[in-house]
Amino acid sequence: MLGRIVYFLCLPSVLAAQLCKPNAAEGFKVRLSIKTALGDQAYEWNRNQRFLFQAAIAFAMSHHLDLEFNVSNVLVCDETPRVSFWFVVTSPGDPSRLVGKESVELAVRKSRDRINSVLLLNDATLEFIGVLPTLVAPVKPATPPWLIVFGVVIGIVGAGIVFLLVSTVVQKKRKEKEVAEEEDDDDEEAQMKRTARNEGIYNTSFSEDDRNTQM
């Protein structure tokens, strides 16, 4: 009886050793650069930090597949002091079956920011070897792009109309001013001619009166 109890207690460790190993078909290698990321504030990698990592991966898997993954579904092995390790994810319904590598990769990419924040690292200091960069959800602008383009076009058209109206008014005023100046010049010239004519008549009369007086 005691032997069976020991067997069942050791069974998870045996399964983990068989499922999680370097270069496993469904596994991923992880490399952490804690000192590079945090400097003097760097923490020591221990079982508590490993638990946080497993919990973050379980969250990512649950979020991606809409299933309930636990920390026990994330198996970690081949840890090195520098720090690096391998991990695999087992199915919630069957701990002896591994989740496909593509599903794990997509889950990691979707929740990469959450995983990074848990360990206080980033994409450069928390490397999932073979996993593409963070899959960021597309940003939806508050204003649709077509509306922005439409507004720019309308603004340009409106500015063009205002420019034409202003230039037309300015040209009209300029022409009116030129016409007024020409009229003033004509009036002044006519006035000068009338003045010259009057002076000429006066001088002629004066000359004739002087001639008669002498006679």
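The values are calculated or read from the model by the stated rules, or taken from the named source; none is laboratory data. Computed from a prediction, not measured in an experiment: that's the story for all the values here. Please note: Cβ atoms are built from the backbone with ideal geometry, for glycine as well, and neighbour counts cover all protein chains shown. Surface areas here come from the heavy atoms of the whole protein model, side chains and all, with no ligands, DNA or RNA. Shrake-Rupley method; radii C 1.70, N 1.55, O 1.52, S 1.80 Å.
One table, with the values for the structure above:
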item: Criterion violated by Lys21 - all others in (1) more than 19 Å from Pro133 (Cα to Cα); (2) basic (Lys, Arg); (3) in a helix (DSSP H, G or I) satisfied; result: (3)
item: Odd one out for Leu38 among (1) of a type outside the set (Gly, Ala, Ser); (2) under 28 Å from Gln18 (Cβ atoms); (3) open to solvent by less than 60 Å² (accessible area, probe 1.4 Å); (4) touching a residue at least 12 places away in the same chain (Cβ under 8 Å); result: (2)
item: Residue in the range 78-122 that is most open to solvent (accessible area, probe 1.4 Å), counting only those that are over 18 Å from Thr36 (Cβ atoms) and in contact with a Lys or Arg (Cβ under 6 Å, 6 or more places away or on another chain); result: Trp86
item: Failed item, numbered, when Ser72 is tested on (1) open to solvent by 60 Å² or more (accessible area, probe 1.4 Å); (2) in contact with a helix residue (DSSP H, G or I) (Cβ under 7 Å, 6 or more places away or on another chain); result: (2)
item: Residue check for Pro144: modelled with pLDDT under 70 and either within 30 Å of Lys29 (Cα to Cα) or surrounded by 10 or more Cβ atoms within 10 Å (Cβ to Cβ) (or both); result: no
